[in-house]
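Notes follow once the structure below has been shown.
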Amino acid sequence: DQQVKQNSPSLSVQEGRISILNCDYTNSMFDYFLWYKKYPAEGPTFLISISSIKDKNEDGRFTVFLNKSAKHLSLHIVPSQPGDSAVYFCASKSSGDKLTFGTGTRLAVRP
Amino acid sequence: NAGVTQTPKFQVLKTGQSMTLQCAQDMNHNSMYWYRQDPGMGLRLIYYSASEGTTDKGEVPNGYNVSRLNKREFSLRLESAAPSQTSVYFCASSELPPAHYNEQFFGPGTRLTVL
């Protein structure tokens, strides 16, 4: 049972435009959410997080939005750059439990 | 400051062979993890060690054993490799135990093929 779902395996965006990566979760106990970025042949690196007491967290070009009623979070990258091309994983957890990762979305930013 | 290091980077095994994947971190983190990544499956937790001297099963522990050798090192052993264990293996560490809210830092991965 996949508790964290990234339904789009891939996304292609023009450089300079906005990239929106989506993630849905089923466990209503999840209260902490993270996004990781992974380049080929490297390990995932932490990008941004949000707790359930917020609905938005921003860090430079990256903003994560959380819609608790819809059990949905999204990562916005604006403006997108070719160096943003990578696989993005969302991950979620509840208090006292471990991280659960989604299956990843491959983002390609076209020059 | 190397972060999380893993050896080897690549390995090919025959069915039934054994091997140990090594992981070390230099961030003085308390908790360490082993994940596997398979196509379409995301990252799945194999085993973790919340603190030195403790280990616990994750989501997919069958066929694996782990050893938390000291605070820095956490190894993953395949006693009798099977083709289903062909995967990319990632080690990770975090300052606080997994029950807490903190990010994990990942190593570069080991690509394992079992023939």
* Single match in A:S74, A:S49, A:S69 (criterion: of a type outside the set (D, E, K, R) and touching an Asp or Glu at 6+ places or on another chain (Cβ under 9 Å)) -> A:S49
* Looking only at segment A:1-25, which residues are surrounded by 19 or more Cβ atoms within 10 Å (Cβ to Cβ), farther than 11 Å from A:Y88 by Cβ and within 11 Å of another protein chain (Cβ to nearest Cβ)? -> A:V4
* To do: Take segment A:17-47 and flag every residue that is of a type outside the set (S, T, Y) and over 11 Å from the mean Cα position of the chain (by Cα).
  => A:R17, A:I18, A:N27, A:M29, A:F30, A:D31, A:K38, A:P40, A:A41, A:E42, A:G43, A:P44
* Structure fact -> Scanning segment B:83-115 for residues that are more than 10 Å from chain A (Cβ to nearest Cβ), closer than 14 Å to B:N28 by Cα and not in a strand (DSSP E or B) gives B:E95, B:L96
* Structure fact -> Within segment B:28-43, the count of residues that are closer than 18 Å to B:V4 by Cβ and either part of a strand (DSSP E or B) or among the acidic types (D, E) (or both) comes to 8
* Any residue in segment B:63-77 that is part of a strand (DSSP E or B) and on the phi > 0 side of the Ramachandran plot? -> no
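When the residues of segment B:19-45 are filtered to those that are touching a residue at least 40 places away in the same chain (Cβ under 8 Å) and of a type in the set (A, V, I, L, M), which remaining residue is farthest from the other protein chains (Cβ to nearest Cβ)? Walk me through how you get there before you give the answer.
As a first pass, look at segment B:19-45 and keep what is touching a residue at least 40 places away in the same chain (Cβ under 8 Å): B:19-38, B:43.
Restricting the remaining residues to those that are of a type in the set (A, V, I, L, M) gives B:19, B:21, B:24, B:27, B:32, B:43.
Numbers: B:M19: 20, B:L21: 13, B:A24: 14, B:M27: 13, B:M32: 13, B:L43: 4 Å.
If we take residues in segment B:19-45 being touching a residue at least 40 places away in the same chain (Cβ under 8 Å) and of a type in the set (A, V, I, L, M), then B:M19 is farthest from the other protein chains (Cβ to nearest Cβ).
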* Restricting attention to segment A:49-62, does a residue exist that is more than 26 Å from B:T110 (Cβ to Cβ), among the acidic types (D, E), part of a loop (DSSP other than H, G, I, E, B) and away from every other protein chain (no Cβ under 11 Å)? -> yes
* Asked: Restricting the search to segment A:77-111, which residues are outside any loop (DSSP other than H, G, I, E, B) and either of a type in the set (D, E, K, R) or more than 14 Å from chain B (Cβ to nearest Cβ) (or both)?
  -> A:I77, A:P82, A:G83, A:D84, A:K93, A:R106, A:L107, A:A108, A:V109, A:R110
* Select from segment A:28-44 the residues that are surrounded by 15 or more Cβ atoms within 10 Å (Cβ to Cβ) and either at pLDDT below 95 or not basic (K, R) (or both) and list them in ascending order. => A:F30, A:D31, A:Y32, A:F33, A:L34, A:W35, A:Y36, A:G43, A:P44
* Quick one: A:L34 ticks every box in (1) more than 9 Å from every other protein chain (Cβ to nearest Cβ); (2) aliphatic (A, V, I, L, M); (3) not in a loop (DSSP other than H, G, I, E, B) except a single one, so which number is it? => (1)
* **Which listed residue, of A:S74, A:S28, is among the small types (G, A, S), in a strand (DSSP E or B), more than 13 Å from chain B (Cβ to nearest Cβ) and more than 23 Å from B:E95 (Cβ to Cβ)** => A:S74
* Structure fact -> Considering residues that are assigned to a loop (DSSP other than H, G, I, E, B), free of Cβ contacts under 8 Å to residues at least 24 places away in the same chain and either within 11 Å of chain A (Cβ to nearest Cβ) or within 12 Å of B:Y89 (Cβ to Cβ) (or both), the number found within segment B:46-60 is 1
* Asked: Would it be correct to say that A:S12 is assigned to a strand (DSSP E or B), of a type in the set (S, T, Y), within 25 Å of B:Y35 (Cβ to Cβ) and in contact with a strand residue (DSSP E or B) (Cβ under 7 Å, 6 or more places away or on another chain)?
  -> no
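The values are calculated or read from the model by the stated rules, or taken from the named source; none is laboratory data. These figures come from a predicted structure and were not determined experimentally. Methodologically, a virtual Cβ is constructed for each residue, glycine included, from the backbone with ideal geometry; neighbour enumeration extends over all protein chains shown.
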